[in-house]
Amino acid sequence: NPDYMKDNFYIIIESYHAPDNGNTPNIHGLHGRDLSERRVVKIDIANDKVPSKDYKPEWDPCIIGSPKAGRNPLPRDKTGEWMNRVNPVMCCYKVVKVWFKWFGLQ
């Protein structure tokens with residue numbers, strides 16, 4: 001609500017999709033404080049647990065594939081090595097920046 005907090009709150013999400021397996025070290029070209037304070041979180045879509053209330057087999061990439069795209073289901077591999085064996089592969093890199101200024105809550 002821009003009328004409520006005006007310039008005291010913002011969220012910026014930047015995305016970059018690359019034909020790699022998530023190992024590009026600084027794809028967004030961050031510098032200085034942004035680079036030193038970043039936290040890298042890798043999401044393994046084949047192995048990361050999904051809460052049972054959110055799980056749907058028809059969305060499980062290890063059960064379904066895409067016949068139209070010629071893609072088989074992803075292999076379950078607890079080591080995460082499937083990312084190095086599957087080709088082609090795409091990684092979505094995200095940078096999320098949040099700024100919040102509110103008297104008494106800083």
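Remarks
- Tabulated pairs, region 89-102, first basic (Lys, Arg), second at pLDDT 95 or above, C-beta under 6 angstrom, 6+ apart or interchain: 94/15
- Of the helices (runs of 4 or more DSSP H) lying entirely inside the chain, those containing at least 1 residues that are exposed (fewer than 10 other Cβ atoms within 10 Å of the Cβ) and either aliphatic (A, V, I, L, M) or at pLDDT below 90 (or both) span 2-5.
- Output for region 26-51, where each listed residue is acidic (Asp, Glu) and under 17 Å from residue 98 (Cβ atoms): 34, 37
- Filter result for the condition that a residue is of a type in the set (S, T, N, Q) and in contact (Cβ under 8 Å) with a residue 12 or more places away in the chain, over 15, 36, 66, 52: 15
The values are calculated or read from the model by the stated rules, or taken from the named source; none is laboratory data. Predicted model only: the values in this text are computed from it and were never measured. Note that each Cβ is placed from the backbone with ideal geometry, even for glycine, and that neighbours are counted across all protein chains shown.
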